[in-house]
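As structure tokens, the structure follows; a few thoughts come after it.
The values are calculated or read from the model by the stated rules, or taken from the named source; none is laboratory data. If you're wondering where the values come from, they're calculated on a predicted model, not measured in any experiment. Ideal geometry is used to build each Cβ from the backbone, glycine not excepted, and the neighbour counts take in all protein chains shown. Accessible surface is based on the protein model in full, side chains and every heavy atom, while ligands, DNA and RNA are left aside. Shrake-Rupley method; radii C 1.70, N 1.55, O 1.52, S 1.80 Å.
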Amino acid sequence: MKTQKTITRREFLGGVAALGAWGLTGHAGLAWGQARAKKGSGPAGKPPTRSEFVVRNAYVMTMDAQGDLADADVHVKNGEIVAIGRGIAAPRAEAIDGRGMIVLPGLIETHWHMWNALLRSMSGDKREHGYFPTALALGKAYLPDDMYQGTRLACAEAIHSGITFVHDWCHNIRSPEFAQANLRALRESGIRGRFSYGAAQGHPATETIDIADLEGLHRDWRSHSNEGLLALGLAWRGVSTGATGSVSAAAYQKDFDAARALGIPISVHANNRKGSDAIALLAREKFLGKDVQVIHATWVSPGEIRALADNGCAVSLSPYTELRIGCGFPPTGDFLAAGIPVGLSVDTTALSGNADMFAIMKAIQNIENSRTNNEFKLPARRVLELATIEGARSMGIDDRVGSLKPGKRADLIMVNTREVNLGVFSEPAHMLVEAAQPANVDTVMVDGRILKRRGRLTAVDTGQVVSEASAAITAVRKRAGWW
Ligand SMILES: [Zn+2]
């Protein structure tokens, strides 16, 4: 018997990089990917054009007053939903067969550090290799193109998973080029989203972010927004302790005031550790408001929940990262009972592994029911609302998306119920929350553009995206000396 050689971590990673290089030339390629530059991350092709579509004979979940409609049609024109119902006349529209499909609003994601998608499953098993030291060490070694690669990979996974809106919480802006790189990836993907401008990993706790850069982006936002698909926000460090120490009051105040002066929304992590009372502090210092989203809040007092509700704040919950890193259990039902808009989030695939919003929905339901010893506490349809219309409300975009209704933008997905893990057709909300997976997402439409069709991304060569991302993280690790 041959002696088996143990493969070192370095050799394995080298092998992965080599596979990546093979992938670059060996992949058959899809329409847009082939047109791209062969080396590096050159300019992408144009996203698909908006056509006139009619989805025929589907099970349509409007997540709106119209409720569910069996054997119904959805008519889309110029990126807008123009009609929903049975037997819609649309002679010039391209027909999409919806038989066996559930059509529902695209899933809304509310907080995701997309740049670090390159760090997938890299949070280690020892303290020095935990999420925060890993993100800090590797984040510092990033170049602008690595931001592009991470964000592009995350966008591709989002679309694959049926997510049509992302909140890109960008906390590694080391120079203006870093923000530009993220924005380029978001624009090229065709996804809808908010880009929240944040401090770099390791940014001095006594210094503000580059406020002039944020103001410049805001001034020129028309050129970044992809015809209004993207909005700008602040990824605020807040008053809590960061990886590099507590942010000084002068710095966090200036960052906050800059965002308020621009009129852009603000998002902050808070109360994810036992004993934290950051939300109470935010309330006392008048940092809460309708424009503020609070992330995690797993350790929250009744008084703090009242403060969030009274000030009109929204909350973002990311059950997989909260569970994985030991942040505790999200008290979803308590927020909902207080009337606080709740959205669901990926946070970081360095901890969650993937961006499966179906699994996130399932986890939110199971945690809440288990936490309260109540099988009926959080019904599947309520959970589905959190991933659609309620999530949209939490991001202030429910006037445009989050439900299917004439006049709203055409962000929708089709889930194939004929897959083996979804047969047989029973209660659709339960099927989506408990049984569905990203692979069941047949079609994804954002603003009337089809970005996934018959289970494949239309505007992205996924082989190229993964191979270039692999090459990028290999180089980042090398620069960081992180093996
Ligand atoms: Zn986060």
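Anything in region 164-193 that is within 16 Å of the ligand (Cβ to nearest atom), among the β-branched types (V, I, T) and under 16 Å from the mean Cα position of the chain (by Cα)? List them, or say none. Walk me through it before giving the result.
Taking region 164-193 and keeping what is within 16 Å of the ligand (Cβ to nearest atom), we get 166-173, 182, 193.
Filter once more, so that each one left must be among the β-branched types (V, I, T): 166, 173.
V166, the sole residue that qualifies.
Across region 273-301, the qualifying residues are those that are touching an Asp or Glu at 6+ places or on another chain (Cβ under 8 Å) and open to solvent by 40 Å² or more (accessible area, probe 1.4 Å), and the one among them that is nearest to the ligand (Cβ to nearest atom) is D277.
For A156, the criteria (1) within 16 Å of the ligand (Cβ to nearest atom); (2) part of a helix (DSSP H, G or I) hold in every case but one, which is (1).
Can you name every residue in region 175-195 that is assigned to a helix (DSSP H, G or I) and farther than 27 Å from T388 by Cα?
Here is the first cut: in region 175-195, the ones assigned to a helix (DSSP H, G or I) are 176-189.
Within region 175-195, P176, E177, F178, A179, Q180, A181 meet the criteria.
Cβ-Cβ contacts under 7 Å between residues 6 or more apart (or on different chains), taken from a first residue in region 299-316 that is more than 19 Å from C327 (Cα to Cα) and β-branched (V, I, T) to a second residue that is open to solvent by 10 Å² or more (accessible area, probe 1.4 Å) and outside any helix (DSSP H, G or I), are absent. Residues of region 170-183 that are open to solvent by 10 Å² or more (accessible area, probe 1.4 Å) and out of contact with any helix residue (DSSP H, G or I) (no Cβ under 6 Å at 6 or more places or on another chain): H171, R174, S175, Q180. Taking the criterion of being open to solvent by less than 10 Å² (accessible area, probe 1.4 Å) and either over 14 Å from A429 (Cβ atoms) or without any contact (Cβ under 8 Å) to a residue 60 or more places away in the chain (or both), the residues of region 374-385 that qualify are L378, A380, V383.
For region 55-96, a residue qualifies if it is touching a residue at least 24 places away in the same chain (Cβ under 8 Å), open to solvent by less than 40 Å² (accessible area, probe 1.4 Å) and more than 17 Å from N416 (Cα to Cα), and the qualifying residues are M63, V76, G79, I81, A83, I84, I88, A90, A93.
So T332 fits all but one of (1) within 15 Å of the ligand (Cβ to nearest atom); (2) open to solvent by less than 30 Å² (accessible area, probe 1.4 Å); what number is the exception? Result: T332 passes all but (1). Counting residues in region 117-124 that are within 16 Å of the ligand (Cβ to nearest atom), assigned to a helix (DSSP H, G or I) and touching a strand residue (DSSP E or B) at 6+ places or on another chain (Cβ under 8 Å) gives zero.
Among the residues of region 209-224, is any outside any loop (DSSP other than H, G, I, E, B), within 21 Å of Q464 (Cα to Cα) and in contact with a Leu (Cβ under 7 Å, 6 or more places away or on another chain)? Reasoning before the result, please.
Restricting attention to region 209-224, the residues satisfying the condition of being outside any loop (DSSP other than H, G, I, E, B) are 211-219, 221-224.
Okay, now just the ones that are also within 21 Å of Q464 (Cα to Cα), so none.
No: zero hits.
Working only within region 228-246, note down all residues that are at pLDDT 95 or above and surrounded by fewer than 17 Cβ atoms within 10 Å (Cβ to Cβ). Listed by number, the list holds a single entry, G228.
Inspect all residues belonging to region 126-142 and state whether any of them is within 13 Å of the ligand (Cβ to nearest atom) and open to solvent by 30 Å² or more (accessible area, probe 1.4 Å). Yes. Of all residues in region 347-362, those being touching a helix residue (DSSP H, G or I) at 6+ places or on another chain (Cβ under 6 Å), of a type outside the set (V, I, T) and within 16 Å of the ligand (Cβ to nearest atom) number 5.
Tell me, please, whether a residue that is in contact with a Gly (Cβ under 9 Å, 6 or more places away or on another chain), within 16 Å of the ligand (Cβ to nearest atom) and either modelled with pLDDT under 95 or open to solvent by 50 Å² or more (accessible area, probe 1.4 Å) (or both) can be found in region 335-346. No.
Answer yes if at least one residue in region 356-364 is within 26 Å of H160 (Cβ to Cβ), open to solvent by 30 Å² or more (accessible area, probe 1.4 Å) and touching an Asp or Glu at 6+ places or on another chain (Cβ under 7 Å), and no otherwise. Looking through region 356-364, at least one residue is within 26 Å of H160 (Cβ to Cβ), open to solvent by 30 Å² or more (accessible area, probe 1.4 Å) and touching an Asp or Glu at 6+ places or on another chain (Cβ under 7 Å).
Take G391 and decide whether it is farther than 23 Å from Q437 by Cα and either within 15 Å of the ligand (Cβ to nearest atom) or in a helix (DSSP H, G or I) (or both). Please lay out each step first, then the result.
Working: farther than 23 Å from Q437 by Cα: no; either within 15 Å of the ligand (Cβ to nearest atom) or in a helix (DSSP H, G or I) (or both): yes.
Considered against the rule, which asks whether it is farther than 23 Å from Q437 by Cα and either within 15 Å of the ligand (Cβ to nearest atom) or in a helix (DSSP H, G or I) (or both), G391 comes out as no.
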